[in-house]
Amino acid sequence: MPVPIRRLVVALSLCCALLAGATACGSGSATQDTAAVVAAATPTPTTSAEKQKFAKTRFVVNAGLAAGATYQWIVKPWKAGKFKKGAKGRRLALVKAGVAGAFTYNRLKAATKNAQGDPTLAKAVAPLTAGIAALKDLPSKLRKGDSTDAAVGSFDDIINDVKDAGKSAGAEVTDQVPSASQLTGG
């Protein structure tokens, strides 16, 4: 596919201008000037106070998405009886619940990782890591339709525990229903 001549002219003139500017400035070598520019452009780490603030915010977002997905596609259909044998739309509800379960597990793992940035939040969430790890196999059980009552109860209990832990650490978690692209994209 041929490249338009206008693009070539613009690219060539830009390269020449950059090269002329780099060689014309200063008496030092071009590599020292380039190293100085790169060093100046390197981002600096945030302070510990900013890390804690952002960690708490990210925890709230991730836990909120997990709670929203659990309620919308696992708890709500379960209460409506969609997981019972012979229910209309059972297979689709179970597949959606399995995908939502995997998404919930992923977001809860991210939330526990975010909680490590805040000491208060880390202490509150630490006892829940074993429960979150236990959710790993439940999405496949939901997809298959095996022991849905126990799986739904486990998801609901862990979500409520995470919400309570966040609330006790000053990070109120509210349900946020993820979009379909978020749900399938992770």
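Bear in mind these aren't lab numbers, they're just calculated from the coordinates by the rules spelled out. Keep in mind the model is a prediction, meaning the values are calculated, not measured. Neighbour counts are summed over all protein chains in view; Cβ atoms, including those assigned to glycine, are modelled from backbone coordinates with ideal geometry.
Which value, in debye to the nearest 20, gives the size of the charge dipole of segment 140-186 about its Cα centre, when Lys and Arg are +1 and Asp and Glu are -1 at the Cβ?
Values: 5 positive and 8 negative charges, 50 e Å.
For segment 140-186, the charge dipole is close to 240 debye.
So what is the relative contact order for segment 42-186, in percent, with contacts set as C-alpha pairs under 8 Å and at least six apart?
Numbers: 192 pairs, mean separation 54.4, N = 145.
Relative CO of segment 42-186 lands at 37 percent.
Starting from the Cα coordinates of segment 55-135, work out the convex hull volume and express it per residue in Å³.
Numbers: hull volume 6.5 nm³, N = 81.
Looking at segment 55-135, the number lands at 80 Å³ per residue.
Quick one: which residues, 5+ away or cross-chain, put their amide H under 5 Å from the amide H of GLN176? H built at 1.01 Å from N.
Here the answer is LEU65, ALA67, GLY68, ALA69, since their amide H atoms fall under 5 Å of that of GLN176.
For segment 127-186 and segment 75-123, write down the distance between their C-alpha centroids in whole Å.
4
Sort 77-90, 140-153 by packing, meaning the average of other beta carbons within 10 Å per residue, with the highest value first.
On the way: 77-90: 13.8, 140-153: 16.4.
So the peptides 77-90, 140-153, ranked by packing, come out 140-153, 77-90.
In a shell of Cβ-Cβ distance under 14 Å around THR129, excluding THR129 itself, what net charge do Lys and Arg (+1) and Asp and Glu (-1) give? It would help to have the intermediate numbers written out before the result.
Numbers: positive: LYS109, LYS113, LYS123, LYS136; negative: ASP161.
Here the charged neighbours net out to +3.
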